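One structure is given here, and the rest of the page talks about it.
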Amino acid sequence: MKLRFNREEMVEALGTICNVAVSRSPKDVLKCVCIEAQPDVLLLSATDQEVGLRYSVVQVEVDEPGRTLVVADTLGKIVRECDDELLSIETEEAMLHVRGVGSHFQIVTHDPSEFPAMPTMEGEPGFVIGHALLRRLIEWTVFASARESTRYAINGVLWEVEGDALTMAATDGRRLSLGRGKLDSGGLSTVPQVIVPTKASTLFARLPAEPEAAVGVTMAPNRLLLKAGGALVNTSLVEGHFPKYEDVIPTDCDRKMVVGTSVLLSALKRAALLTNEESKGVRLSLAEGELTLSSRAPEQGESTVSIPVHYDSEPMEIGFNPIFLLDVLRVADTEEVTLALKAANRPGVLRLGDDFTHVVMPVNLASA
Amino acid sequence: MSRRSERYILHIDMDAFFAAVEQLGNPELQGQPVLVGGDPKGRGVVSAASYEARAFGCHSAMPMAQALRLCPDAAVVRSRIDRYAEMSGEVFDIAECFTPLIEPLSIDEAFLDITGSTRLLGPPEKIAGDLKERVREQTQLTASVGLAPNKFLAKLASDLDKPDGLVVVTPQNFQDVLDPLPISRLWGVGKATLPRFEAMGIHTFKDARRLTFEEMAREFGSAGEHFYQLVRGIDDREVVPDRQAKSISHEVTFATDVKDHDHLRSVILDQMDHVLRRLRRQRLVARTVNLKIRSSDFKTITRSTTLDTATDRMDLLLGAASGLFEAWQRTRPGAVRLIGVGVSLLGTDEGQQLQLFEQEADARGRQLDRTVDEIRDRFGDDAIGRGTHISE
């Protein structure tokens with residue numbers, strides 16, 4: 001195998017590969033990138049056994065096709081640290097030689113026959129969605145997924161296709177994030193809902209594709225295939241049932257507060273400064289035209305922050321974990337956010353535009 | 001006096017507690033000298049002596065043989081710590097009706113800060129009297145109570161008129177109360193320090209007040225600074241409530257060993273009910289449930305399980321306890337001598353994160369618990385029970 005490639009494109013490709021390849025594993029093959037030079041394309045592949053990624057690099061000149069396996073992290077660092085426009089690689093016996101102007105690296109290779117076969121997307125994708133929208137839906141939801149899956153907490157994001165709409169939902173049992181967007185096409189010959197693992201979801205949002213690029217997705221009963229730009233990703237799915245999220249979105253909230261997103265974000269950051277492990281809650285005191293956030297950390301101190309809001313219902317108080325609210329506001333892309341409430345022990349609903357809804361349970365407040 | 005002279009501190013001390021509990025359970029012992037502890041053959045030490053036995057000079061920590069020489073007719077009873085702990089739990093439950101600020105000192109003694117209770121329950125003297133009365137009514141045991149502006153004076157006061165005493169020490173009369181007391185009554189004065197006071201010609205609190213702060217500090221170091229304040233009735237220490245309790249539990253020893261598992265199940269239900277009422281009264285939540293079982297051969301097992309999130313709900317915690325019990329009973333065990341349930345890994349419900357998907361069940365469970373608590377607070381513990389309760 002012998003070829004030259006554009007270094008910048010390769011940096012991007014290997015960066016994505018390194019998001020999949022495992023940095024520490026007793027299995028060498030999981031740490032490696034499989035490099036396969038075909039006459040007019042270079043295919044890079046990596047897998048962690050859950051997620052498989054195949055990346056096509058096109059700015060290459062292949063002199064001799066071939067296939068080899070090297071540790072992804074090592075190659076990634078070399079390509080990143082060089083400043084040449086072009087680099088060349090060549091296999092000689094058990095080594096891979098990487099050459100730039102004035103530099104020469106030799107990397108140990110592994111047996112490429114150990115690398116598993118990567119699935120390909122055959123035929124038309126189940127549906128097509130714009131990359132920017134896909135990324136936004138994932139950003140709106142993935143932070144609310146749980147670290148581990150239990151009955152109501154799911155370590156993944158639900159993808160649900162209905163007609164020409166894709167809904168994503170994630171929950172850790174205390175909050176639920178819900179995003180909705182319109183498909184560019186398709187949605188017919190597809191499994192209606194799957195749960196995509198958190199790691200794969202994060203990877204999808206990071207794929208280096210143009211915002212307007214069309215992303216093809218095929219949802220199957222046990223896996224999901226996604227093609228964006230030069231990347232083809234295959235992921236296994238989270239088994240189990242996603243809780244019935246429609247049931248926990250309250251419809252009886254009769255107290256609504258509207259506030260500037262950045263104003264609330266800044267106020268929450270300040271109020272959260274004086275919370276700690278024991279007193280995670282920030283008290284939200286709503287009165288006409290004003291929201292007062294207060295917090296208290298035992299043996300540290302207290303804080304009070306007031307901001308103007310649109311609110312004209314009865315005064316009320318409710319406690320929230322400020323981190324939960326900050327997580328939502330950080331990914332919001334609307335100027336204003338609406339917080340709808342019913343009572344201090346009932347969920348709050350944040351609406352950030354028509355397509356992004358977030359339900360969050362309060363924390364108990366100390367009796368005043 | 002202390003900087004915060006408006007405090008009202010109670011010290012409650014049960015009278016000859018172990019002996020009184022034994023007399024309560026056995027009419028033949030009532031009015032008779034009773035010695036608890038050791039064994040009837042005359043070895044070991046006395047862990048409690050009834051007032052009738054004390055009249056002969058018997059007291060706790062005395063070798064049993066010596067006590068029997070002083071009072072040969074005394075009945076000797078082996079101590080039953082489980083039973084005393086159970087009665088103690090009842091007394092503490094009563095105390096909790098008067099204030100949440102309770103600092104237990106031992107099984108039969110505690111400080112109560114009732115400063116905040118006076119607006120609701122009346123003057124402090126009335127609260128002190130009501131507490132004594134409730135204890136007598138519900139347990140048929142007597143307590144001696146001291147009411148004072150601080151812990152030191154309250155403890156002294158409860159001891160001044162034992163048994164069944166109620167002594168009130170006020171900012172006005174405390175000096176008169178303190179002055180004649182022997183210096184041995186000063187907190188922290190023991191075998192080592194007493195002779196040093198006596199060598200200085202100091203025998204009473206009044207004598208001790210002659211010493212300046214510097215003289216006290218020179219003679220006794222940091223303890224001296226403490227003595228200087230105490231002889232002047234100054235004690236700023238707070239009542240440190242049971243709130244930081246590591247666990248709350250309730251156990252019972254059966255008069256005769258129990259084989260009937262349905263009966264045991266109903267006892268567990270009763271006990272958990274009791275434990276959770278104490279838990280909720282302190283606005284605490286628990287994550288771990290413990291079950292303790294002692295079989296007739298005195299083998300004791302303890303089993304525990306920890307929930308994902310802390311709660312104060314009867315259905316969830318009882319479910320956990322029942323799970324432990326069912327696992328145990330599948331081992332085909334024999335008769336049970338003692339059974340107890342408890343909760344630990346406690347936290348306050350403040351800042352507790354509510355859960356999204358079980359709101360309805362959660363809200364219903366909580367409402368049920370709260371309603372039962374309210375009914376019992378108004379009409380007494382027997383006013384309402386769970387369907388599976390078996391009344392004895």
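Within segment A:227-368, the proportion of C-alpha pairs whose separation exceeds 21 Å stands at 47%. For segment A:250-320, the direction-averaged projected area of the alpha-carbon convex hull comes to 5.0 nm².
Scaled against 2.2 N^0.38 Å for its residue count N, the alpha carbon radius of gyration of the protein assembly as shown is 1.34.
Three principal axis extents of chain A based on alpha-carbon atoms, in descending order, are 77, 50, 35 Å. Each peptide in B:16-23, A:141-148 was scored by the mean count of other Cβ atoms within 10 Å over its residues; highest first, the order is B:16-23, A:141-148. Expressed as a fraction of 2.2 N^0.38 Å, the value expected for a compact globular protein of N residues, the C-alpha radius of gyration of segment B:280-379 is 1.25. Counting only DSSP beta bridges with both residues in segment B:1-150, what percent are antiparallel, rounded to the nearest 5? Rounded to the nearest five, the antiparallel share is 85 percent. For the protein assembly as shown, a simple Cβ point-charge model (Lys and Arg +1, Asp and Glu -1, everything else neutral) yields a dipole of about 2280 debye relative to the Cα centre.
Comparing the full protein assembly with the isolated chain, the residues of segment A:327-366 losing at least 20 square angstrom of accessible surface (1.4 Å probe) are A:R346, A:M361, A:P362, A:V363, A:N364, A:A366.
By its C-alpha gyration tensor, with a ≥ b ≥ c as the square roots of the eigenvalues, how is segment B:177-238 shaped: rounded for a/c under 1.5, else prolate for a/b larger than b/c, else oblate? Rounded is the answer for segment B:177-238, as its axis ratio a/c remains below 1.5. Rolled with a 1.4 Å probe across the full set of protein chains, the surface gives A:R136 an accessible area near 90 Å².
So if I average 1/r over every pair of distinct C-alpha atoms in segment B:59-178 and take the inverse, what Kirkwood radius in Å does that give?
Hydrodynamic radius (Kirkwood, Cα only) of segment B:59-178 equals 16.0 Å.
Per-peptide packing, taken as the mean over residues of other Cβ atoms within 10 Å, places B:281-290, A:216-225 in the sequence B:281-290, A:216-225 from highest down.
Is the shape of segment A:60-112 rounded, prolate or oblate, going by the alpha carbon gyration tensor and its root eigenvalues a ≥ b ≥ c, with a/c under 1.5 for rounded and a/b larger than b/c for prolate? In terms of gyration-tensor shape, oblate. Looking at chain B, the accessible area is 49 square angstrom per residue; that uses a 1.4 Å probe and ignores ligands, DNA and RNA.
For chain B, adding -39500 (n - 2.57) for each run of n ≥ 4 DSSP H residues and dividing by the number of residues yields -11500 deg cm²/dmol at 222 nm. Expressed as a whole percent, the accessible area of the protein assembly as shown that falls on carbon and sulfur atoms is 49 (1.4 Å probe). Counts of other chain beta carbons within 10 angstrom of each beta carbon in peptide B:340-353 average 4.
Sorting B:24-35, B:143-154 by average packing, meaning the other beta carbons within 10 Å per residue, from highest down gives B:143-154, B:24-35.
On the principal axes of its alpha carbon atoms, segment B:111-231 extends 48, 28, 23 Å, with the longest extent given first. Per residue of chain A, the DSSP helices (runs of n ≥ 4 H) give a summed -39500 (n - 2.57) that works out to -5500 deg cm²/dmol at 222 nm.
Using every alpha carbon pair in chain B, what percent of pairs falls into each 20 Å bin from 0 up to the bin containing the largest distance? That works out to 23, 51, 24, 2, in percent per bin. Diffusion of segment A:1-118 by Stokes-Einstein, at 20 °C in a medium of 1.002 mPa s and with Rh set to the Kirkwood radius over alpha-carbon pairs, works out to 154 µm²/s. Net charge within 12 Å of A:R147 by Cβ-Cβ distance, Lys/Arg positive one each and Asp/Glu negative one each, not counting A:R147 itself? Charge balance near A:R147 sits at -1.
Taking other residues whose beta carbon is less than 12 angstrom from the beta carbon of B:K206, and scoring Lys, Arg as +1 and Asp, Glu as -1, yields 0.
By the gyration tensor of its Cα atoms, with a ≥ b ≥ c the square roots of the eigenvalues, what is the shape of segment A:52-159: rounded for a/c under 1.5, prolate for a/b over b/c, or oblate? Cα axes put segment A:52-159 in the prolate bin.
Using only alpha carbons, segment B:1-142 has a radius of gyration to Kirkwood radius ratio (Rg to Rh) of 1.07. Within the same chain, aspartates and glutamates fewer than 8 places from B:K292 are excluded, and of the rest, those with a Cα less than 18 Å from its Cα are B:D82, B:E86, B:E251, B:D257, B:D260, B:D262, B:D270, B:D273, B:E326.
The values are calculated or read from the model by the stated rules, or taken from the named source; none is laboratory data. Nothing here was measured: the structure is a model prediction, and the numbers come from that model. Glycine also receives a Cβ, built like all others from the backbone with ideal geometry; neighbour counts cover every protein chain displayed. SASA here: full protein model, heavy atoms, side chains in, ligands and nucleic acids out. Shrake-Rupley method; radii C 1.70, N 1.55, O 1.52, S 1.80 Å.
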